[in-house]
Amino acid sequence: MNLFISVFTKFFFVLAPFFVLSMFLAMTKGMTRAEQRGIAIRVTISNIVLCGVIFFFGNPLFEILGITLDSFRIGAGALLFLSAVSLVQGQKGGKIQTGDGDISVVPLSIPITIGPATVGVMMVMSAGLPDAVQQAIGFGALFAAVICLGAILYSASRIEKALGKMGIEILTKLSGLVLAALAAQIIFTGIKNFLM
């Protein structure tokens with residue numbers, strides 16, 4: 001249970017739910033509530049599929065490329081730290097091009113929700129779970145975090161009314177601070193293990 005809670009908390013903040021919410025609201029402005037909810041459901045399904053692929057194929061990819069887990073920890077931690085800084089400053093990543101098609105997979109799922117830093121952290125965390133039972137618990141926690149994000153997007157209009165734009169912005173910045181601490185921990189673990 002402790003493993004589930006720990007992994008769930010980390011993944012929930014790594015997914016940057018309040019930043020994703022603010023982007024979701026901006027991109028679905030003018031849509032009906034039914035249309036917003038349809039997009040929220042498609043984003044959630046897309047996230048589950050993508051997260052599952054990344055989570056379970058991290059270890060084989062390390063072996064194929066000959067990359068050690070600790071070197072990947074340092075790289076993923078650095079990316080996550082840059083992402084955290086962007087959140088604190090009020091922006092994550094560069095300018096997103098939406099185009100005219102369905103926005104649920106690109107850009108809402110990739111790269112807004114699942115960007116390079118998120119991919120790196122998922123692979124590091126999955127590789128750090130050695131046996132099948134722990135991996136199953138880890139994926140269950142990741143699945144729960146994605147579902148929570150989906151529920152936030154599904155209730156986006158209500159949350160916006162309750163918190164307001166300023167409230168969402170404050171929560172986004174707080175999430176960035178938590179991510180910065182998590183990034184530092186990942187980097188320090190990688191350096192410590194690399195030097196041992």
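The values are calculated or read from the model by the stated rules, or taken from the named source; none is laboratory data. Bear in mind that the values here come from a model prediction, so they are computed numbers and not experimental data. Positions of Cβ are backbone-derived with ideal geometry, glycine not excepted, and every protein chain shown enters the neighbour counts.
Applying the selection to the range 3-19, what residues are hydrophobic (A, V, I, L, M, F, W, C), in a helix (DSSP H, G or I) and under 21 Å from S109 (Cβ atoms)? So that I can check it myself, show each step before the final result.
Start the filter on the range 3-19 by keeping residues that are hydrophobic (A, V, I, L, M, F, W, C), which leaves 3-5, 7-8, 11-16, 18-19.
Narrowing the set further to residues that are in a helix (DSSP H, G or I) leaves 3-5, 7-8, 11-14, 18-19.
Those that are hydrophobic (A, V, I, L, M, F, W, C), in a helix (DSSP H, G or I) and under 21 Å from S109 (Cβ atoms): V7, F8, F11, F12, F13, V14, F18, F19.
Would you point out which residue out of I74, I41 is over 16 Å from G120 (Cβ atoms) and either among the polar types (S, T, N, Q) or in contact with a Phe, Trp or Tyr (Cβ under 8 Å, 6 or more places away or on another chain) (or both)?
Working: I74 fails: over 16 Å from G120 (Cβ atoms).
So the residue among I74, I41 that is over 16 Å from G120 (Cβ atoms) and either among the polar types (S, T, N, Q) or in contact with a Phe, Trp or Tyr (Cβ under 8 Å, 6 or more places away or on another chain) (or both) is I41.
Helices (runs of 4 or more DSSP H) wholly in the range 93-196 with at least 1 residues that are at pLDDT 95 or above and surrounded by fewer than 16 Cβ atoms within 10 Å (Cβ to Cβ) - which ones?
On the way: elements: 116-127, 132-154, 156-195.
Ranges flagged: 132-154, 156-195.
Which of (1) among the small types (G, A, S); (2) free of Cβ contacts under 8 Å to residues at least 40 places away in the same chain; (3) more than 19 Å from I5 (Cβ to Cβ) is the odd one out, the single condition G150 does not satisfy?
For G150, the exception is condition (2).
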